[in-house]
């Protein structure tokens with residue numbers, strides 16, 4: 001049985017986004033070491049799992065990206081959890097997270113790349129899961145292949161945490177306190193004991209923690 005790994009970035013005070021989902025604080029603290037750690041996590045996946053809001057942000061960004069994380073994001077199959085029966089790639093349902101990512105690219109002097117047809121196809125072929133969340137995750141875990149990496153957004157990740165579906169947490173903790181925002185562990189029905197598997201410290205002050213349920 002393959003595992004479900006939750007990969008999330010969060011602030012020191014436990015938020016995965018500001019109140020409206022802004023991630024400007026996240027982007028400015030990333031460096032080569034943290035990016036390499038994320039890339040390694042992504043390449044270990046046989047399937048990327050996400051909620052619909054995150055899907056629309058990602059499909060609006062990754063197919064034209066030439067950054068170090070673009071290849072695993074574009075090449076590895078995806079599944080999106082949504083109540084909809086189909087996905088409209090031209091719907092324009094994006095959030096503040098996409099805006100922040102584009103602004104960070106522009107601030108760094110980057111320019112949008114040309115859309116690669118193969119990248120577009122990988123996103124248009126995304127699986128849709130619109131049944132009961134626990135049942136759908138159970139079904140995907142039973143399929144052969146490498147682990148499933150879940151990306152969010154916040155509501156999707158909170159539901160995975162609340163239902164106890166996560167086999168491993170990979171959390172990038174950024175050196176910033178937001179004071180208010182979207183907490184990851186807000187919906188826990190009871191305390192969850194975790195075992196620390198590894199810690200990696202990067203030059204920007206970001207710390208990567210890997211936990212598994214005790």
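The values are calculated or read from the model by the stated rules, or taken from the named source; none is laboratory data. Please read these numbers as outputs of a predicted model, since none were measured by experiment. In this analysis, Cβ positions are derived from the backbone assuming ideal geometry, glycine residues included, and neighbour counts consider all displayed protein chains.
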**Fill in**
How many residues of the stretch 31-59 are crowded, with 19+ Cβ neighbours inside 10 Å and more than 14 Å from the chain's Cα centre (by Cα)? The answer is 1
**Request:** Taking residue 121 as the residue in question, decide whether it is out of contact with any strand residue (DSSP E or B) (no Cβ under 9 Å at 6 or more places or on another chain), over 18 Å from residue 39 (Cβ atoms), at pLDDT 95 or above and assigned to a helix (DSSP H, G or I).
**Result:** no
**Prompt:** Is the stretch 73-91 home to any residue that is closer than 26 Å to residue 155 by Cβ, out of contact with any strand residue (DSSP E or B) (no Cβ under 9 Å at 6 or more places or on another chain), outside any loop (DSSP other than H, G, I, E, B) and modelled with pLDDT of 85 or more?
**Reply:** yes
**Request:** Please determine, by comparing only the residues of the stretch 182-193 that are surrounded by fewer than 16 Cβ atoms within 10 Å (Cβ to Cβ) and touching a strand residue (DSSP E or B) at 6+ places or on another chain (Cβ under 9 Å), which one is farthest from residue 160 (Cα to Cα).
**Result:** 193
**Message:** Please go through (1) in contact with a helix residue (DSSP H, G or I) (Cβ under 8 Å, 6 or more places away or on another chain); (2) within 19 Å of residue 154 (Cα to Cα); (3) buried (at least 18 other Cβ atoms within 10 Å of the Cβ) for residue 202 and return the number of the only condition it doesn't satisfy.
**Reply:** (2)
**Request:** Please specify each residue of the stretch 152-175 satisfying the condition of being over 22 Å from residue 193 (Cα atoms) and under 14 Å from the mean Cα position of the chain (by Cα).
**Result:** 153
**Asked** Among the residues of the stretch 8-15, is any surrounded by fewer than 19 Cβ atoms within 10 Å (Cβ to Cβ), over 24 Å from residue 82 (Cα atoms), out of contact with any helix residue (DSSP H, G or I) (no Cβ under 7 Å at 6 or more places or on another chain) and without any contact (Cβ under 8 Å) to a residue 12 or more places away in the chain?
**Response** no
**Complete:** Per the filter on the stretch 146-174, residues at pLDDT 95 or above and part of a loop (DSSP other than H, G, I, E, B) are 146, 163, 164, 165, 166, 167
**Asked** Which one is surrounded by the fewest Cβ atoms within 10 Å (Cβ to Cβ) among residues in the stretch 123-140 that are over 14 Å from residue 164 (Cα atoms) and touching a residue at least 40 places away in the same chain (Cβ under 8 Å)?
**Response** 125
